[in-house]
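As C-alpha cells, the structure follows; a few thoughts come after it.
Any read-out appearing in this document is the output of simple, stated calculations on the displayed coordinates, not a laboratory observation. If you're wondering where the values come from, they're calculated on a predicted model, not measured in any experiment. So basically every Cβ, Gly included, is an ideal-geometry build from the backbone, and we count neighbours across all protein chains shown.
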Amino acid sequence: MISIQGLHKSFGELEVLKGMNLEIPKGKVVVLIGPSGSGKTTFLRCLNVLETPTKGRVKISEKTLNFDQKTNKREVASFRRLTGMVFQNYNLFPHKTALENVIEGPVIVKGESASKAKEKGRILLEKVGLGDKVDFYPSQLSGGQQQRVGIARALAMEPEVMLFDEPTSALDPELVGDVLKVMKDLAEEGMTMVVVTHEMRFAKDVADEVIFMDQGVIVERGAPSEFFANPKQERTRRFLNVLE
Ligand code: ADP
C-alpha cells in the first residue's frame with residue numbers, strides 16, 4: 001500500500017531524514033515515536049509532500065513519486081490527495097464554520113457541488129461526534145472538538161491514508177480521549193494510518209506496528225506487544241524508560 005525507499009530530507013546543511021525505508025500494508029496502523037527533533041514530523045510532511053524530499057521514492061496505492069528526479073506540480077498535487085493530514089494545532093480556518101471547514105477541500109480542490117459536499121460533510125461531522133456543532137466556528141469549540149473537525153476535514157477528501165502529527169499533544173488531558181476514540185474507530189474501520197504520538201496507551205491498543213525513530217533513521221520496529229515488552233536496542237530502552 002505504502003512503500004518508502006531511501007527517503008532523505010535535508011534543510012540546508014542539516015540532514016533530518018537519512019534514508020528511511022518502510023512498507024505499510026493497506027489497513028494497518030503504524031505509530032511513530034521518538035525523541036523531539038528526530039524527524040517524525042518531517043517524515044509525515046514528506047509523505048504528504050508538504051516538504052519535498054531531497055532523495056528517495058514514495059509509493060502510495062499505485063502512484064509513485066521519485067524524488068531522485070524533478071517532479072512536476074500536477075503529479076505532486078494528485079499524489080497529495082492520496083493522504084489526509086491532521087495537524088497538532090488543527091489548522092482550521094477561523095472564519096469558517098465546522099461544516100465550511102470540512103467542505104472547503106471537496107469544493108475547491110475536487111470541484112464537488114456545495115450541496116453534495118455539505119451532505120457528506122454533515123455525515124462526517126456526525127461520525128466524529130459533532131453532528132450538533134456543524135454551524136459553530138472554531139473559537140466556539142473546545143480543542144478536542146476542533147481537532148475532530150480537523151479529522152473530518154481530512155476524511156472529506158477521501159484519502160487512502162490518514163497521517164496524524166501529534167493530534168492530541170495540544171489538548172487538555174480530559175479532551176484527549178474523545179480524539180483518540182475517533183482515531184481508534186477509524187482504525188477499526190480499516191483505514192491505513194500513520195500516527196506520530198506520545199500516547200503510548202494508543203500505540204499499545206491500536207498500532208499494528210510501532211516504529212522508533214532517532215536522528216533521522218528507524219532504530220527499531222515491531223508489534224506493540226513485543227516492542228514495549230522487549231525492546232532490543234539500547235536507544236529504544238532509554239527512550240521508553242524516560243517516558244515511564
Ligand atoms: P520531530 O517531529 O521528531 O520533533 P522534526 O521533523 O520536527 O522532528 O524536526 C527534525 C529536525 O529538522 C529538527 O532539528 C528541526 O529543527 C529541523 N527542521 C524541521 N523543519 C525545518 C525547516 N522547515 N527548516 C529547517 N529545519 C527544520
Could you tell me whether the stretch 145-162 includes any residue that is under 23 Å from Thr42 (Cα atoms), surrounded by fewer than 22 Cβ atoms within 10 Å (Cβ to Cβ), free of Cβ contacts under 8 Å to residues at least 60 places away in the same chain and aliphatic (A, V, I, L, M)? no
Can you give me the number of residues within the stretch 10-43 that are touching a residue at least 40 places away in the same chain (Cβ under 8 Å), within 15 Å of the ligand (Cβ to nearest atom) and over 14 Å from Ile218 (Cβ atoms)? 3
Of the conditions (1) within 16 Å of the ligand (Cβ to nearest atom); (2) touching a residue at least 60 places away in the same chain (Cβ under 8 Å); (3) farther than 18 Å from Gly150 by Cβ, Thr52 fails just one. Which one is it? (2)
Report the residue count in the stretch 220-244 for those that are in contact (Cβ under 8 Å) with a residue 40 or more places away in the chain, crowded, with 18+ Cβ neighbours inside 10 Å and in contact with a helix residue (DSSP H, G or I) (Cβ under 7 Å, 6 or more places away or on another chain). 1
If you check every pair at least six apart or on different chains, which have Cβ atoms under 8 Å apart with a residue in the stretch 187-204 that is over 20 Å from Ser36 (Cα atoms) first and a residue that is within 15 Å of the ligand (Cβ to nearest atom) and not in a strand (DSSP E or B) second? none
Do the conditions hold for Lys133, that is, is it closer than 30 Å to Glu62 by Cβ and basic (Lys, Arg)? no
Test Met183 against the stated conditions and say whether it is in a helix (DSSP H, G or I), among the hydrophobic types (A, V, I, L, M, F, W, C) and in contact with a Pro (Cβ under 9 Å, 6 or more places away or on another chain). yes
Assess whether Glu209 counts as being surrounded by 17 or more Cβ atoms within 10 Å (Cβ to Cβ) and closer than 26 Å to Ala229 by Cβ. yes
For the subset of the stretch 195-214 comprising residues that are part of a strand (DSSP E or B) and within 16 Å of the ligand (Cβ to nearest atom), which member is nearest to the chain's Cα centre (by Cα)? Val195
Away from the ligand (no atom under 16 Å from the Cβ) and closer than 28 Å to Leu243 by Cα: which single residue out of Ala156, Ala187 fits that description? Ala187
From Leu65, Leu99, Leu44, residue being touching a Ser or Thr at 6+ places or on another chain (Cβ under 8 Å) and hydrophobic (A, V, I, L, M, F, W, C): Leu65
Taking the stretch 84-128 and keeping residues surrounded by fewer than 17 Cβ atoms within 10 Å (Cβ to Cβ) and touching a residue at least 40 places away in the same chain (Cβ under 8 Å) leaves Asn89, Asn91, Phe93, Pro94, His95, Lys96, Val109, Lys110
Looking at the stretch 64-120 only, could you name the residues that are out of contact with any helix residue (DSSP H, G or I) (no Cβ under 8 Å at 6 or more places or on another chain), part of a strand (DSSP E or B) and hydroxyl-bearing (Ser, Thr, Tyr)? Thr64
Only listed residue being in contact with a Cys (Cβ under 6 Å, 6 or more places away or on another chain) and assigned to a strand (DSSP E or B), chosen from Lys9, Lys59: Lys9
